[in-house]
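Please treat every number below as a calculation from the coordinates, not as lab data. This is a predicted model, so every value here is computed, not measured. Positions of Cβ are backbone-derived with ideal geometry, glycine not excepted, and every protein chain shown enters the neighbour counts.
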Amino acid sequence: MREMWLKRFVPKRIKRPLKKAARRRQLNRAVSRIAGLAKDEMPSRDLLSELIIGWDNEGYVANLDYLEEVARSSIQTTGNILECGSGVTTVLLGLLCARRQIQVWSLEHSSEWQERIAEALETNGISNTHVCFSPLIEYDRFTWYNPPFTQMPKEFSLVVCDGPPGTTRGGRFGLLPVMIDRLTEECVILLDDAGRPGELELIKRWEAEYDFRATRIDRSNHSFAMIRRA
Ligand SMILES: C[S@@+](CC[C@H](N)C(=O)[O-])C[C@H]1O[C@@H](n2cnc3c(N)ncnc32)[C@H](O)[C@@H]1O
């Protein structure tokens, strides 16, 4: 009854900041619960769901099934992690890898978004994670990030591939031509949105040109793929 009254009579200019503050509290709660998990302990789906809601970036945030796989794979991996396209995934990776000797390097083409994620990492005391402003540049056959190679680790054993945006020339294709020498033999690529036409096409090209193999995982209206060397 009280909620209905609030919904009807409280003006938007008051409701919006209240909602924002509630989301912020939810995010802080989820972050501290994840930070408090035992080393190698998997966050529950409820906790990940709370993290997504608190992050409050609908339309761009990772879907729950993908986020769960990101968490599982990051706990299992023993080497450094490369991320393409930063966001709540960056915060989650940072939290889960904090107590292991694993570095997370995230490439971000938007300077404003990079600043926002760097601030979120700093506020939450996450220091093993680097979010790099990495503008999109033109390569022969595609457009992709310009990674800070001299500063980055020599090898990565997990790639969380959720960028650059689908409107980029070649989409996410550039990952393999640009980064293949830095991916370990056992490296796993977690490609989000694997059911979209652009991603289906790039999977075919990665398989044909680089001899990688994809396993597609289809969950309620959403697909992602786990991709490894054949
Ligand atoms: C699919 S998003 C990456 C999301 C990230 N993996 C996550 O789970 O939060 C890919 C890119 O979209 C951009 N982006 C994220 N949120 C945005 C927003 N609210 N508006 C416009 N661009 C956004 C960022 O540049 C980001 O690298």
>> Suppose every Lys and Arg Cβ carries +1 and every Asp and Glu Cβ carries -1, with no other charges. What dipole size does the range 39-154 come out with about its Cα centre, to the nearest 20 debye?
In response: 540 debye
>> Can you tell me the orientation of helix 111-123 relative to the chain, as the angle in degrees between its alpha-carbon axis and the longest Cα principal axis, to the nearest 10?
In response: 70 degrees
> How high is the relative contact order of the range 1-78, in percent, with contacts defined as C-alpha pairs under 8 Å that are six or more residues apart?
Replying inline: 29 percent
>> Could you tell me how far the Cα centroid of the range 186-207 sits from the Cα centroid of the range 98-170, in Å?
In response: 18 Å
>> I'd like to know which of Leu136, Thr89, Pro197 lies farthest towards the positive end of the charge dipole of the chain, counting +1 on Cβ of Lys and Arg and -1 on Cβ of Asp and Glu.
In response: Thr89
> Among Tyr66, Tyr145, Tyr210, whose mean-square fluctuation peaks in a Gaussian network model of the chain (Cα, cutoff 10 Å)?
Replying inline: Tyr210
> Taking only Cα atoms, what is the 0 to 90° angle, nearest 10, from helix 12-35's long axis to the longest principal axis of the chain?
Replying inline: 60 degrees
> For the chain, what is the convex hull volume of its Cα atoms per residue in Å³?
Replying inline: 142 Å³
>> Just to confirm the number: angle between the C-alpha axis of helix 88-97 and the first principal axis of the chain, 0 to 90 degrees, nearest 10?
In response: 80 degrees
>> Can you sort Phe224, Phe133 from fewest to most other Cβ atoms within 10 Å of each residue's own Cβ?
In response: Phe133, Phe224
>> Is the C-alpha gyration tensor of the range 26-89 telling us rounded, prolate or oblate? Criteria: a/c under 1.5 is rounded; beyond that, a/b larger than b/c is prolate, otherwise oblate.
In response: oblate
> Most mobile of Leu136, Leu37, Leu18 per a Gaussian network model of the chain (Cα springs, under 10 Å)?
Replying inline: Leu18
> What length, rounded to one decimal in nm, is gained on full extension from Gln101 through to Asp140, with 0.36 nm per residue of separation minus their alpha-carbon distance?
Replying inline: 10.4 nm
> Based on the Cβ-Cβ distance from Asp211 to Lys12, what FRET efficiency comes out when R0 is 45 Å, to the nearest 0.05?
Replying inline: 0.25
>> Looking only at the chain, where both bridge partners belong to it, what percent of the DSSP beta bridges are antiparallel (to the nearest 5)?
In response: 45 percent
> How large is the charge dipole for the chain, taken about the Cα centre, if only the Cβ atoms of Lys, Arg (+1) and Asp, Glu (-1) carry charge, to the nearest 20 debye?
Replying inline: 1340 debye
> Using a Gaussian network model of the chain with C-alpha springs under 10 Å, which one of Trp206, Trp105, Trp144 is most mobile by mean-square fluctuation?
Replying inline: Trp206
> Which whole-number percentage describes the relative contact order of the range 47-165, with Cα contacts under 8 Å and a sequence gap of 6 or more?
Replying inline: 29 percent
> Among all lysine pairs in the range 1-146 that are eight or more places apart or on different chains, how many have alpha carbons less than 23 angstrom apart?
Replying inline: 4
>> Over the range 88-230, what is the relative contact order in percent, taking alpha-carbon pairs closer than 8 angstrom and at least six residues apart?
In response: 17 percent
